[in-house]
Amino acid sequence: MANNELRQRLLQPDEEEANLSWDPDSLPLKSKLKLARKAKEDPLYVFVLEVLAILFTIAGALYCWFYFDNVHFHVSHAYAHLGYDVAQHHVGQRYLHGKGVDKHPEKAMEWFRKAADQGHPHAAYNLAIGHLKGYKTDLKPGESHQLITHAAANGVQEAHHVLNSVCTKGGCH
């Protein structure tokens, strides 16, 4: 009998529930309920700023695409000034070969020197070879041999060849 009463209560709606009206104006917290409103249009200057930002981005991307060497040089140069030895070596390579910048072997040797002072093996090799080729460097006598030995000890294959062919014959002064 208890089951029948429970079934009837579940199946038949209450009279109170049937009489409730779901009028949104009769909600008790209507004054605190905020509905989404249609957004106002942006002023003209916002639209102009958005268009200018897009055009500036496209122009920058095109500049980077067509003048990659120049952009790469300036980015590497910024990192080189921060003291990164790899960037200093890249800047030296760019100055030595004139890629993205005018050729300037003396500046290249300066950047190789900065990177070699931090232990960069390729920069040490390039500085020593530049000295042997006659570029203006600040190397002291015997320092080119030390730089080539350092480069060979750190995996620069060309340095092994120079040690065996040039330095053994007294060419690394």
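Bear in mind these aren't lab numbers, they're just calculated from the coordinates by the rules spelled out. Worth saying up front: this structure is predicted, and the values here are computed from it rather than measured. Here the Cβ is made from the backbone with ideal geometry for all residues, glycine too, and neighbour counts use every protein chain on show.
So what J values fall out for the range 92-103 if you push phi through Karplus, 6.51 cos²θ - 1.76 cosθ + 1.60 with θ = phi - 60°, rounded to Hz, Gly and Pro as x?
x, 4, 5, 5, 5, 9, x, 9, x, 7, 5, 5
How much length is gained on full extension from residue 82 to residue 69, taking 0.36 nm per residue of separation minus their Cα-Cα distance?
Contour length minus Cα-Cα distance gives 2.7 nm.
Quick check for the range 58-173: number of Lys pairs with alpha-carbon distance under 21 Å, counting only pairs 8 or more apart or on different chains?
So the count of such lysine pairs works out to 15.
For a quick protection proxy, order the peptides 91-100, 120-129, 51-60, 157-166 by their average other-Cβ count within 10 Å, most packed first.
Highest mean packing first, the order is 120-129, 91-100, 157-166, 51-60.
Quick one: what are the phi-derived ³J(HN,Hα) couplings along the range 141-156, Karplus 6.51/-1.76/1.60 with θ = phi - 60°, whole Hz, x for glycine and proline?
3J(HN,Hα) across the range 141-156, in whole Hz: x, x, 6, 5, 5, 5, 5, 5, 5, 4, 5, 5, 5, 9, x, 7.
What is the pair-distance distribution P(r) of the range 59-173, computed from all Cα-Cα distances in 10 Å bins starting at 0, with each bin given as a whole percent?
Taking all Cα pairs of the range 59-173, the binned fractions are 16, 41, 29, 11, 3, 0 percent.
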